[in-house]
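**Student:** A single structure is presented below for examination.
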Amino acid sequence: MTIPKPPHPEKHPDRFRDCQLAIEDRMLELLGDAQVAGWTKGEVLAAMIEVAENTNLAMHPNVRLSVETELKRLRKRRDF
């Protein structure tokens, strides 16, 4: 299933709504697939939210730098 391209430019007031509509079918498909696999609707929806929040947070430059710095620190400690 292909996600449609945005019908409006970035600053258009309907763009966020358009994005929601564009990804809705894929999200419902994922929800259904996960339920068929044995996960509850609540578990899947909570996991989707958590994954979205973590992905958004990880994409923030300060968080990325902080994680990279912490990984370097841990690697140095391990080398001793």
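Only the coordinates and a few stated rules stand behind these numbers; no lab work does. Note that this is a predicted model, so its numbers are computed, not measured. As a convention, Cβ positions derive from the backbone with ideal geometry for all residues, glycine included, and neighbour counts pool all protein chains shown.
**Student:** Could you pull the Rg and Dmax for the chain, using just the Cα atoms, both in Å?
**Tutor:** Looking at the chain, its Cα Rg and Dmax stand at 18.4, 56 Å.
**Student:** How much mean residue ellipticity at 222 nm does the chain get from its helices, if each DSSP H run of length 4 or more adds -39500 (n - 2.57) and you divide by all residues, to the nearest 500 deg cm²/dmol?
**Tutor:** Per the formula, -26500 deg cm²/dmol.
**Student:** About its Cα centre, how strong a charge dipole does the range 1-77 have in debye, to the nearest 20, once Lys and Arg get +1 and Asp and Glu get -1 at the Cβ?
**Tutor:** 680
**Student:** With r defined as the distance between the Cβ atoms of Asp18 and Ala46 and R0 fixed at 22 Å, what FRET efficiency is calculated, to the nearest 0.05?
**Tutor:** Rounded to the nearest 0.05, the efficiency is 0.30.
**Student:** Also: Of Leu57, Leu71, Gln35, which is farthest towards the positive pole of the chain's charge dipole, taken about the Cα centre with +1 and -1 on the beta-carbons of Lys, Arg and Asp, Glu respectively?
**Tutor:** Leu71
**Student:** Please identify the DSSP H helices in the chain that span no less than 24 Å along the helix axis (Cα) and have a mean Kyte-Doolittle hydropathy of -0.5 or more.
**Tutor:** Span-like helices in the chain: 15-37, 41-59.
**Student:** Using the Cα centre of the chain as origin and beta-carbon charges of +1 (Lys, Arg) and -1 (Asp, Glu), tell me which of Ala22, Ala47, His8 is placed farthest towards the positive end of the dipole.
**Tutor:** About the Cα centre, the residue reaching furthest to the positive side is Ala47.
**Student:** Which GluC sites (Glu not before Pro) in the chain pass both tests, a DSSP loop state and at most 15 other beta-carbon atoms within 10 Å?
**Tutor:** Filter output for the chain: Glu10.
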